[in-house]
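The structure under discussion appears below in the form of structure tokens.
All of the numbers you see were taken from the coordinates with simple rules; none came from a lab. The shown structure was predicted, so the numbers you read here are calculated from the model rather than taken from an experiment. Note that we place each Cβ from the backbone using ideal geometry, even for glycine, and neighbour counts take in every protein chain shown.
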Amino acid sequence: TGAITLDPGFKNTGSCESAITFLDGEKGILRYRGYSIEELAEKADFLEVVYLLIFEELPNKQQLDNFKNDIIGQSEVNEDMQKVINGFPSSAHPMGILSSLTSALIAFNPKSVNVDSEEDMYKAIVKILAKFPTLAAWTLRKRNNQALNNRDTNLGYVESLLKMMFEKPGEEYKLDQTVVDALDKLLILHADHEQNCSTSAVRLVGSSQAGLFASISAGVSALWGPLHGGANQAVIEMLEEIQNDGGDTSKFIAKAKDKDDPFRLMGFGHRVYKNFDPRAKIIKKSADEVLDALGVEDPILDIAKSLEKAALEDPYFVERKLYPNVDFYSGIIYRAMGIPTEMFTVMFAVGRLPGWIAQWKEMRLGKEPIGRPRQVYIGENLRSFKQLENR
Ligand code: CMC
């Protein structure tokens with residue numbers, strides 16, 4: 001073997017070729033299959049973007065209808081899955097439950113593991129797309145000690161997700177179009193982001209041919225961390241902390257700059273974007289619009305804006321090219337929709353699901369070899385074993 005190149009965190013290592021998402025971090029450009037994120041967020045709906053990412057082109061009317069119907073046909077979740085979720089305490093974090101349920105789904109759909117033909121692959125993809133929103137909604141219902149439900153097949157993908165999350169027995173659930181549109185947009189913005197931590201996890205697990213659902217479950221776990229998808233929860237917790245502390249942002253900016261303090265400004269900085277995250281630009285505008293339309297006045301939005309302003313003027317953040325990322329304002333919108341903070345990363349997972357699937361499919365169809373990085377060994381040289389009594 002030749003010399004091994006060391007690249008912790010894979011900062012400069014490409015792991016694959018991909019035709020799905022184009023990202024230019026210097027210029028702040030993001031495109032799915034050649035379409036700009038700005039145009040998709042404005043004009044497409046989430047399911048069209050799901051189709052685009054997975055099947056490479058925007059669907060025509062017939063293709064979209066077939067796809068919708070196939071998803072609806074698979075939307076029921078096996079009743080025994082309810083026993084699995086009922087075994088968890090309601091204090092469990094929704095992301096832990098979601099990754100466990102995604103894994104448990106394999107037991108009830110064993111045929112989804114072997115995907116040797118494109119037909120089998122399509123079936124597995126439709127199944128996970130159909131059942132995952134129900135599992136996501138269940139994590140909220142579990143937390144609220146509410147009875148578990150199934151999808152309303154008369155409603156669209158995003159609408160039915162909201163209904164599953166929020167419907168209460170004996171009450172007719174009324175959809176609010178502002179909420180539907182805002183969630184649709186957020187899901188589109190989160191749908192793919194090339195080889196990020198969770199997507200790389202999905203591709204790596206999938207490269208051992210472990211099956212789609214196992215790979216997605218790994219993606220959910222990877223997304224959970226506060227440096228990745230968990231940042232949306234961490235941002236709101238940070239903003240609440242600033243609020244409870246009297247609202248002065250300068251102390252927190254100082255903490256974030258202090259190298260002896262582990263605190264980081266959550267929702268700031270990005271491995272690839274060294275300019276404004278284009279998704280954050282769209283979300284910031286949308287936060288204002290959604291809060292206005294819903295008549296929500298959230299003092300946390302003002303704190304977020306003044307924190308952003310202070311950071312963007314501070315040499316520490318300027319020199320390191322640290323800008324707000326996708327998670328900085330998304331939580332404020334979720335909050336205005338009545339979604340509890342602990343559920344934010346679950347919403348991110350629902351949005352990222354099509355990206356994970358598209359990347360997994362690309363990896364499998366491209367017959368990529370098993371992912372297996374090397375290392376540079378820095379441990380002990382050969383030593384001889386000492387019996388227990390001599391240690
Ligand atoms: N607050 C304070 N300092 C920061 C921050 C921050 N949020 N982000 C980076 N830095 C500093 C870091 O300390 C380092 O400084 P120095 O050069 O003096 O050592 C420099 O900026 C470069 O940072 P890095 O940690 O080497 O960069 P990375 O590419 O390894 O990490 C990141 C990227 C996103 C993990 C990081 O910026 C971070 O922890 N941000 C906060 C968490 C967050 O918002 N994550 C969401 C990311 S976007 C959506 C998603 O992935 O889900």
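Listing for the model above:
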| read-out | value |
| --- | --- |
| ³J(HN,Hα), Karplus 6.51/-1.76/1.60, whole Hz, each residue of region 21-31, x for Gly, Pro | 10, 9, 9, 10, x, 6, 8, x, 10, 9, 9 |
| Assigned charges on the beta-carbon of Lys, Arg, Asp, Glu; region 231-336 dipole about Cα centre (debye) | 640 debye |
| J(HN,Hα) series, region 174-180, from Karplus relation 6.51 cos²θ - 1.76 cosθ + 1.60, nearest Hz, glycine and proline x | 9, 7, 9, 4, 4, 5, 4 |
| Helical contribution to [θ] at 222 nm, DSSP H n ≥ 4, -39,500 (n - 2.57), averaged over the chain, rounded to 500 | -17500 deg cm²/dmol |
| Overall form of region 231-336 per C-alpha gyration tensor (a/c, 1.5; a/b vs b/c) | oblate |
| Cα extents of the chain along the three principal axes, largest first (Å) | 70, 56, 51 |
| Segment K259-N12, extension gain: residue separation times 0.36 nm, minus the distance between their alpha carbons | 86.5 nm |
| In region 104-211, trypsin sites (Lys or Arg not before Pro) in a DSSP loop with at most 11 other beta-carbon atoms within 10 Å | K174 |
| Nearby aspartates and glutamates by direct alpha-carbon distance to K68 (threshold 15 angstrom, same-chain neighbours under 8 apart not counted) | D45, E48, E76, D152, E159 |
| Distance between region 147-189 and region 62-94 - C-alpha centres, whole angstrom | 14 Å |
| Dipole magnitude of the chain, debye to nearest 20 (Cβ charges: Lys/Arg +1, Asp/Glu -1, about Cα centre) | 1320 debye |
| Contour excess over end-to-end distance, with Cα ends at E57 and D24 and 0.36 nm allotted per residue | 9.7 nm |
| Simple label model, 7 Å out from Cα along Cβ direction - T153 to E79, nm | 1.7 nm |
| Leading residue at positive end of dipole, region 172-272 (Cβ point charges), from Q177, M266, L204 | L204 |
| Inverse of mean 1/r across different Cα pairs in region 124-178, Kirkwood, Å | 11.7 Å |
| 3J(HN,Hα) from dihedral phi, region 360-366, Karplus parametrisation 6.51/-1.76/1.60, rounded to Hz, x for glycine, proline | 5, 5, 4, 5, 5, 5, x |
| Subset of K111/K168; K127/K367; K185/K309; K43/K127; K43/K142 violating a 32 Å alpha-carbon distance limit | K111/K168; K43/K142 |
| Interchain or long-range residues, amide H under 5 Å from F268's placed H | N325 |
| Gain in span if fully extended, A293 to Y122, counting 0.36 nm per residue against the direct Cα distance | 57.7 nm |
| Amide H partners (placed H, <5 Å) of I29, local residues excluded | D24 |
